[in-house]
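Notes follow once the structure below has been shown.
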Amino acid sequence: MGRALEPFVALTGAGVSAESGVPTFRGPGGLWQSRRPEELANPQAFARDPLLVWRFYAWRRSVVARCSPNAAHLTLADVEDHIGDFTLITQNVDGLHEAAGNRRVVELHGSLWRLRCTRCRERWEERRVPFPEMPPRCPSCGGLARPDVVWFGEGLEQGILNRAMSSAARARLMLVVGTSAVVHPAAQLPLIAKKAGAWIVEINPEETPVSIYADEVIRGPAAQVLPEWWARNRDE
Ligand code: APR
């Protein structure tokens with residue numbers, strides 16, 4: 001590659017977890033009871049029928065609970081061990097980057113393994129599988145709990161978005177792995193990095209809007225091609 005590796009930013013999407021068995025959003029296998037995620041992962045659906053949305057998340061958690069990090073996740077954990085100035089930004093809510101050993105993960109869209117109070121916004125960890133049958137009540141104020149994920153139509157948390165944008169703006173290398181790059185603002189991050197002069201590497205079996213301006217495009221499944229890319233570049 002012949003480029004500096006730091007600051008190094010990786011942006012991941014559902015494709016990085018595909019080979020672990022977690023269905024992507026815009027590919028096959030992401031449906032629950034013939035419903036698209038957009039129909040259920042939104043605040044109106046939860047207000048209308050909290051139990052239905054809750055059961056959708058119970059299903060997603062049970063799927064993810066059976067999955068383990070794959071070689072792509074493990075490679076990104078190795079990157080964090082080797083690179084002092086490394087930021088991992090993920091759109092995934094599955095927690096597989098942390099399970100692989102990454103310690104500093106910017107979770108743009110929240111986590112399946114946390115709940116949040118709909119009234120006072122307190123957050124807490126909830127790792128039980130199976131999920132409790134009903135949405136629990138907030139331990140502080142008794143309000144209804146919801147998954148601590150960003151739903152369609154909701155904004156990202158400002159502090160988290162700022163962290164992601166400033167990392168992108170100072171990156172010299174950005175690796176974009178397994179995202180269709182159509183959901184904003186996450187999809188803007190590679191463009192911010194590119195405009196600031198970063199070298200952009202895309203890993204994805206399919207073409208995406210990033211492919212047009214990426215400096216390097218690797219077409220293949222992340223669990224196979226990401227470890228190979230890292231082996232080639234690690235000791236440069
Ligand atoms: N390795 C790498 N990439 C893969 C693999 C694989 N094995 N399999 C599929 N992909 C790619 C697909 O080609 C596609 O570009 O992963 C991408 C998955 O795209 P999406 O399902 O749209 O996932 P993502 O980009 O993470 O979605 C963004 O949308 O629904 C919301 O909040 C949700 O975080 C999600 C956001």
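The values are calculated or read from the model by the stated rules, or taken from the named source; none is laboratory data. Please read all numbers here as calculations on a predicted model, not as lab measurements. All Cβ positions, glycine included, derive from the backbone under ideal geometry; neighbour counts span all protein chains shown.
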Of everything in the stretch 114-135 that's out of contact with any helix residue (DSSP H, G or I) (no Cβ under 7 Å at 6 or more places or on another chain) and either crowded, with 16+ Cβ neighbours inside 10 Å or not assigned by TED's automatic domain parsing to the domain that holds Arg61 (or both), which residue is nearest to Gln44 (Cα to Cα)? Thr118
Residue in the stretch 61-68 that is in contact with a strand residue (DSSP E or B) (Cβ under 6 Å, 6 or more places away or on another chain) and more than 30 Å from Ala231 (Cβ to Cβ) present: yes
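Residue-wise test of (1) under 17 Å from the mean Cα position of the chain (by Cα); (2) aliphatic (A, V, I, L, M); (3) at pLDDT below 95.
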position	(1), (2), (3)
Pro130	no, no, yes
Ala168	yes, yes, no
Met174	yes, yes, no
Ala186	yes, yes, no
Leu191	no, yes, no
Arg219	no, no, no
Val225	no, yes, no
The conditions are (1) closer than 23 Å to Pro147 by Cβ; (2) over 13 Å from the mean Cα position of the chain (by Cα); (3) among the hydrophobic types (A, V, I, L, M, F, W, C), and Leu108 fails exactly one of them. Which is it? (2)
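Listed here are the residues, each with its yes/no results for (1) out of contact with any Phe, Trp or Tyr (no Cβ under 8 Å at 6 or more places or on another chain); (2) at pLDDT 95 or above.
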site: Leu11; (1), (2): yes, yes
site: Gly29; (1), (2): yes, no
site: Pro37; (1), (2): no, no
site: Ala41; (1), (2): no, no
site: Leu52; (1), (2): yes, no
site: Ala58; (1), (2): no, no
site: Ser62; (1), (2): no, no
site: Asp81; (1), (2): yes, yes
Set Ala198, Ala187, Ala223: member being at negative phi and touching a strand residue (DSSP E or B) at 6+ places or on another chain (Cβ under 7 Å): Ala198
Which numbered condition Glu39 fails, given (1) more than 24 Å from Val217 (Cβ to Cβ); (2) touching a residue at least 12 places away in the same chain (Cβ under 8 Å): (2)
Being of a type in the set (A, V, I, L, M) and crowded, with 19+ Cβ neighbours inside 10 Å is the filter here, so list the residues in the stretch 93-105 that pass it. Val93, Leu96, Ala100, Val105
Of all residues being under 19 Å from the mean Cα position of the chain (by Cα) and surrounded by fewer than 20 Cβ atoms within 10 Å (Cβ to Cβ) in the stretch 193-206, which is nearest to Arg26 (Cα to Cα)? Just the residue, please. Glu206
Checking the conditions here, which among Pro28, Pro69 is within 17 Å of Pro221 (Cα to Cα), free of Cβ contacts under 8 Å to residues at least 12 places away in the same chain and either crowded, with 16+ Cβ neighbours inside 10 Å or not assigned by TED's automatic domain parsing to the domain that holds Arg172 (or both)? Pro28
Would you say Asp49 is within 30 Å of Arg119 (Cβ to Cβ) and not assigned by TED's automatic domain parsing to the domain that holds Pro221? yes
Per the filter on the stretch 80-103, residues among the β-branched types (Val, Ile, Thr) and away from the ligand (no atom under 16 Å from the Cβ) are Ile83, Thr87
By residue number, the members of the stretch 75-92 that are in contact (Cβ under 8 Å) with a residue 60 or more places away in the chain and buried (at least 19 other Cβ atoms within 10 Å of the Cβ) are Thr75, Leu76, Val79, Phe86, Thr87, Leu88, Ile89, Thr90, Gln91, Asn92
In this structure, does Glu216 turn out to be among the acidic types (Asp, Glu), surrounded by fewer than 18 Cβ atoms within 10 Å (Cβ to Cβ) and closer than 26 Å to Pro69 by Cα? yes
